[in-house]
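Chemist: Supplied in structure tokens, the structure appears directly below.
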Amino acid sequence: MSSAFESDLHDTRIGIVGLGYVGLPLAVALGKRYPTIGFDINQARIGELREGRDSSLEVEPEELAETTQLRYADRIEDLADCRVQIVTVPTPVNEHKEPDLRPLESASRALGGVIKPGTLVIFESTVYPGATEEVCVPILEVVSGLKFNQDFFAGYSPERINPGDKTHRLTTITKVTSGSTPEVAAFVDALYRSIIPAGTHLASSIRVAEAAKVIENTQRDVNIALINELALIFNRLGLDTQEILEAAGSKWNFLPFRPGLVGGHCIGVDPYYLTHKAQEIGYHPEIILAGRRLNDSMGAYVAQQVIKLMTRRCCLSKDARILIMGLAFKENCPDLRNTRVVDILAELTDYGLHCDLYDPWADPEEAASEYGIRLIEQPPEAAYDAIVLAVAHRQFAAMGVDRIRALGKANAVLYDVKHVLPRDAVDGRL
């Protein structure tokens, strides 16, 4: 197996299933070196990529144009001749905060219909330890009629994409790799090492690689939950959380986490995959779930703080208007997946307040289809009783205090969730 794979690495044809925030940068990196076919079920996505455009803004048009060995397909059959198949579909949670493996299962069924003897299927989607071999591989076996580790093989190399981050990119982040046999693992590692200058970390098994990925974001989630809880305490004490964190940060080993809304496709989702597996084997995780509950409560807390400030300033009425600046789950990025800004909106709406949402990064059609939200094109001046700066987009920082204040009425409340503005320029912040 090892010699058969490693000897002709340069001739390897690669298929990528899913061309979102993870799949497209990977397809581009591989397409610079290997014949690569990127597949997505979204025909509009394939259409824009064929035209040289990426609506996720992760890959520049110039880079798409320079990737000469990459082509796009909206038929899974077009991947039939690819010896390596890489799955980069999303792994969300459902309304009950349970893993939603339907995209992963669907991708496995589709690939099962086209893989041939000798094919290697590598998964990058975040899952709980064991999911690749317990969920995906059996589907591939049943649909293809091939036998695992005899006719086809599997690998796992978790994605580490950070949407909107122009510094930490696919090629600058160490890649964890693994395979279903030692020989396959060596090939998977060599493949990724050939396109990632930052290098790779070869795990001893697929389950170890799966576990490593899921705890990366679980650790961040728990740490942010701690800081969010500290913010709740300090706000009640009348202390500024940011000032305290800066003081504590003068010690070399104090971790630089900040309070805020925890959304997106990773930190707010991945812990539920680990807790699902833990409960499946009879262990009830205490700290992880407590952190999730606290982080999921922060949107409502922000809304309640805004309402308190409005009440004190006598600008809370049934006709009050509130501007929420930002809908994306993080700054300088159009990604709306699992954004917790909607929690602020929901809480304010429950009080019967009218809210406008403004986000120059977000796609209005996606906001409407995913959340039923109508984004405004430009907020009017002197129109709002409260302004919530929810996302730290660079456009908002560039506006400065005076231009943002000008959107509100004379006594409007300005609440800064992300500490974009100076402390003495706002009425409240986390």
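Chemist: Out of the residues in the stretch 129-159 that are assigned to a loop (DSSP other than H, G, I, E, B) and touching a strand residue (DSSP E or B) at 6+ places or on another chain (Cβ under 7 Å), which is most open to solvent (accessible area, probe 1.4 Å)?
Modeler: Across the stretch 129-159, the extreme among qualifying residues is Leu146.
Chemist: Okay, next question. So, Ile86, is that one touching an Asp or Glu at 6+ places or on another chain (Cβ under 7 Å), of a type in the set (A, V, I, L, M) and in a helix (DSSP H, G or I) or not?
Modeler: no
Chemist: Only one of (1) assigned to a helix (DSSP H, G or I); (2) open to solvent by 30 Å² or more (accessible area, probe 1.4 Å) is not met by Ala367, so which one is it?
Modeler: Just one mismatch for Ala367, condition (2).
Chemist: For the stretch 88-124, give me the residue count where each residue is among the acidic types (Asp, Glu), open to solvent by 60 Å² or more (accessible area, probe 1.4 Å) and touching a residue at least 60 places away in the same chain (Cβ under 8 Å).
Modeler: The number of residues fulfilling the criteria is 1.
Chemist: Kindly indicate whether Ile227 is closer than 24 Å to Leu421 by Cα and modelled with pLDDT of 95 or more.
Modeler: So Ile227 fits the description; yes.
Chemist: Another question, then. Would you confirm, using the coordinates I've provided, whether Pro285 is in contact with a Gly (Cβ under 8 Å, 6 or more places away or on another chain) and modelled with pLDDT of 95 or more?
Modeler: For Pro285, the condition - in contact with a Gly (Cβ under 8 Å, 6 or more places away or on another chain) and modelled with pLDDT of 95 or more - is not met.
Chemist: Check whether at least one residue in the stretch 374-388 is in a loop (DSSP other than H, G, I, E, B), touching a residue at least 12 places away in the same chain (Cβ under 8 Å), crowded, with 21+ Cβ neighbours inside 10 Å and among the aliphatic types (A, V, I, L, M), and report yes or no.
Modeler: No; the residues of the stretch 374-388 include none that is in a loop (DSSP other than H, G, I, E, B), touching a residue at least 12 places away in the same chain (Cβ under 8 Å), crowded, with 21+ Cβ neighbours inside 10 Å and among the aliphatic types (A, V, I, L, M).
Chemist: Going by the conditions given, is Thr218 in contact with a Leu (Cβ under 6 Å, 6 or more places away or on another chain), hydroxyl-bearing (Ser, Thr, Tyr) and farther than 22 Å from Ala392 by Cβ?
Modeler: yes
Chemist: Answer yes or no as to whether Ala300 is open to solvent by less than 70 Å² (accessible area, probe 1.4 Å) and part of a helix (DSSP H, G or I). Steps first, please.
Modeler: Values: open to solvent by less than 70 Å² (accessible area, probe 1.4 Å): yes; part of a helix (DSSP H, G or I): yes.
It is true that Ala300 is open to solvent by less than 70 Å² (accessible area, probe 1.4 Å) and part of a helix (DSSP H, G or I).
Chemist: If we keep just the residues of the stretch 41-87 that are among the polar types (S, T, N, Q) and either open to solvent by less than 30 Å² (accessible area, probe 1.4 Å) or under 25 Å from Thr126 (Cα atoms) (or both), which is modelled with the lowest pLDDT?
Modeler: The residue in question is Thr67.
Chemist: Any residue in the stretch 391-407 that is closer than 21 Å to Val262 by Cβ, open to solvent by 10 Å² or more (accessible area, probe 1.4 Å) and in a loop (DSSP other than H, G, I, E, B)?
Modeler: yes
Chemist: Tell me, please, whether a residue that is open to solvent by less than 20 Å² (accessible area, probe 1.4 Å), in contact (Cβ under 8 Å) with a residue 40 or more places away in the chain and either of a type in the set (D, E, K, R) or within 25 Å of His265 (Cα to Cα) (or both) can be found in the stretch 160-169.
Modeler: Yes, the conditions are met somewhere in the stretch 160-169.
This table checks each residue for (1) part of a loop (DSSP other than H, G, I, E, B); (2) in contact (Cβ under 8 Å) with a residue 24 or more places away in the chain; (3) of a type outside the set (Ser, Thr, Tyr).
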site: Ile224; (1), (2), (3): no, yes, yes
site: Ile233; (1), (2), (3): no, no, yes
site: Ala247; (1), (2), (3): no, no, yes
site: Trp252; (1), (2), (3): yes, no, yes
site: Leu255; (1), (2), (3): yes, yes, yes
site: Pro259; (1), (2), (3): yes, yes, yes
site: His276; (1), (2), (3): no, yes, yes
site: Tyr283; (1), (2), (3): yes, no, no
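The values are calculated or read from the model by the stated rules, or taken from the named source; none is laboratory data. Everything numeric in this text was worked out from a predicted model, so none of it was measured. Cβ sites come from the backbone with ideal geometry, for glycine too, and all protein chains shown count toward neighbours. For accessibility, only protein heavy atoms count, side chains too; no ligands or nucleic acids. Shrake-Rupley method; radii C 1.70, N 1.55, O 1.52, S 1.80 Å.
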